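Just below is one structure, and these are the notes that go with it.
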Amino acid sequence: MNEQLQAPYAEALAAYGHRAPARLHVPGHGGGSGADPAIVAALGLPALALDVPQDTAGIDLGPSPTPFERAEALAAAAYGAGRTWFLTNGATQGNHAVCLTLAPAGSTLVVQRTCHGSVIDGLVLSGGAPVYLAPGHAPGVGLATVVTPDALRAALREHPDARAALIVSPTYFGMVADVEGCAAVAREAGVTLIVDSAWGAHFGFHPALPPSVLRAGADVALTSTHKHAGSLTQSAMLHVAPGREELRERLGRSIRLLRSTSPSSLLLASLDGARRQLAVHGARVLGDALAAAERLRDRLEQIDGCAVLDRAWDGPPVAAWDPLRVVVDVRGSGIAATTVAARMRDLHDVQPELSTHTAIVFVIPLGAPLALADHAAAALRDAIARGGDDAAPI
């Protein structure tokens with residue numbers, strides 16, 4: 001934990017950027033002096049001062065371990081990984097690397113049918129052949145759920161040539177798979193289990209949350225750190241479990257193939273800082289968010305026609321729920337959820353994460369105040385109270 005108090009890359013970057021060095025290198029804005037004034041006003045000179053190139057001495061260049069290497073090592077320790085890579089093109093970059101490594105041309109990958117589109121793109125790049133594995137389905141609310149261990153076992157028996165399997169946990173709607181059970185099935189079949197945990201970067205950092213998928217037995221995991229763990233948009237991490245040295249080398253080669261030679265120092269620093277905040281202050285910032293999420297659930301349940309999905313669930317079994325994703329089923333209101341969400345945005349400037357025809361998803365940010373929950377619930381109540389004249393039929 002003492003080591004987790006450090007953010008070596010972010011600290012080295014700040015030391016360089018704020019000591020005002022003579023900048024005779026890219027980027028061309030020179031730390032802000034040559035930037036568009038409107039961008040300077042919007043972002044501030046401190047942010048531009050920290051926008052520096054790769055291979056800057058004392059940051060990611062110099063005696064090993066460099067601050068950058070130490071930052072990735074601390075992230076690996078925090079997540080229980082044998083090796084962690086910082087990604088500056090989101091979990092998309094990680095999914096592409098996974099497909100290049102574990103689903104090369106002519107090979108078979110068992111993949112959850114509701115996977116992220118970047119997995120399909122990765123298979124286009126790699127030439128691997130997908131065998132789609134359907135998750136459960138809740139026909140009433142119209143949502144796909146998770147892959148079960150039994151379903152994975154059946155798919156692997158049907159396709160014994162598969163080298164790896166990829167499942168999603170948690171889903172966009174907060175449903176958590178039995179990763180431990182799926183990992184046991186994968187081990188029995190001798191295949192590598194990849195878990196796209198893009199929405200689970202915060203798992204394992206508070207006792208009220210499920211464990212990280214790596215600690216549950218995944219061999220490879222993607223965590224989209226910007227989604228729910230506090231880093232800047234487009235930043236993510238790819239992790240490989242301890243003891244997988246050969247896989248680690250192959251994944252590293254694929255990441256080098258896909259990585260920009262000019263990664264954003266701001267994104268990398270935000271990953272370093274996000275990891276430190278979760279490891280050191282996770283109980284507090286996640287605790288605040290959890291309290292706000294429960295407050296929102298309580299308020300939503302008081303609105304006629306609304307049901308909070310994880311509290312009223314009667315669909316296929318799921319192992320757990322992500323409590324920081326509050327999903328409200330509005331079918332009982334007689335108004336399409338897309339209409340309700342549009343009214344919340346247009347009338348109250350309340351911006352939900354997503355709406356389907358039946359449900360609205362709210363993502364509760366780290367450190368969220370209780371007032372945010374009250375505001376969101378009031379906006380939804382008003383949106384429904386305006387009636388359903390302009391709503392599509394359900």
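Were the residues from ARG345 through ALA312 laid out at 0.36 nm apart, the gain over their Cα-Cα distance would be 9.3 nm. Judged by the mean number of other Cβ atoms found within 10 Å, the most tightly packed of the peptides 204-216, 349-361 leads the ranking 204-216, 349-361. Counting only the Cα atoms, the range 35-98 fills a convex hull of 139 Å³ per residue.
Derived scalar couplings between HN and Hα for the range 379-384 equal 5, 5, 4, 5, 4, 6 Hz in order, rounded to whole Hz, by the Karplus curve 6.51 cos²θ - 1.76 cosθ + 1.60 (θ = phi - 60°), x for Gly and Pro. Rg and Dmax over the alpha-carbon atoms of the range 85-160 stand at 13.7, 40 Å.
The orientation-averaged shadow of the Cα convex hull for the range 187-260, equal to a quarter of the hull surface, comes to 5.9 nm².
Summarising the amide proton neighbourhood of LEU109: residues at separation of 5 or more, or on other chains, whose placed amide H is nearer than 5 Å comprise ALA129, VAL131.
Its alpha carbons considered, the range 26-152 gives a radius of gyration followed by a Dmax of 21.1, 60 Å. Computed from phi, the 3J(HN,Hα) profile of the range 283-293 under the Karplus parametrisation 6.51, -1.76, 1.60 (θ = phi - 60°) reads 4, 7, 5, 6, x, 4, 5, 4, 5, 5, 5 Hz, with x in place of Gly and Pro. Considering all C-alpha pairs of the range 272-322, those separated by over 14 Å amount to 65%.
A Förster radius of 51 Å, combined with the Cβ-Cβ distance separating GLU158 from LEU354, puts the computed FRET efficiency at roughly 0.95. Multiplying the residue separation of GLU245 and LEU5 by 0.36 nm and removing their Cα-Cα distance gives an extension gain of 83.6 nm. Projected over all directions and averaged, the alpha-carbon convex hull of the chain occupies 20.8 nm². Highest average first, the peptides 363-371, 165-173 ordered by how many other beta carbon atoms sit within 10 Å of their residues are 165-173, 363-371. Calculated over the range 152-208, the projected area of the Cα convex hull averaged across directions stands at 4.3 nm². Rounded to the nearest 20 debye, the dipole magnitude of the range 136-180 is 80 debye, with +1 charges on Lys and Arg beta carbons, -1 on Asp and Glu beta carbons, and the Cα centre as origin. Whole-Hz Karplus values for the range 273-280 come out as x, 5, 4, 4, 5, 5, 5, 9 Hz, taken residue by residue from phi with 6.51 cos²θ - 1.76 cosθ + 1.60 and θ = phi - 60°; glycine and proline positions read x.
Most tightly packed first, judged by the mean number of other beta-carbon atoms within 10 Å of their residues, the peptides 145-155, 116-126, 217-227 read 217-227, 145-155, 116-126. Could you give me D for the range 146-247, from Stokes-Einstein at 4 °C and 1.567 mPa s, where the hydrodynamic radius is the Kirkwood radius over C-alpha pairs? Units µm² s⁻¹, please. The estimated diffusion coefficient comes to 93 µm²/s. Our estimate of slack between ASP121 and ALA283, defined as 0.36 nm per intervening residue step minus the Cα-Cα distance, is 54.6 nm. Residues of the range 259-273 with an amide N closer than 15 Å to a point placed 7 Å from the Cα of THR233 along the Cα-to-Cβ direction: 267. Between the beta carbons of HIS18 and ALA129, assuming R0 = 45 Å, the FRET efficiency works out to 0.30 to the nearest 0.05.
Throughout, read-outs are computed from the coordinates displayed, never taken from laboratory work. Everything quoted here is computed from the prediction, not taken from an experiment. Glycine gets a Cβ as well: all are built from the backbone with ideal geometry, and neighbour counts include every protein chain shown.
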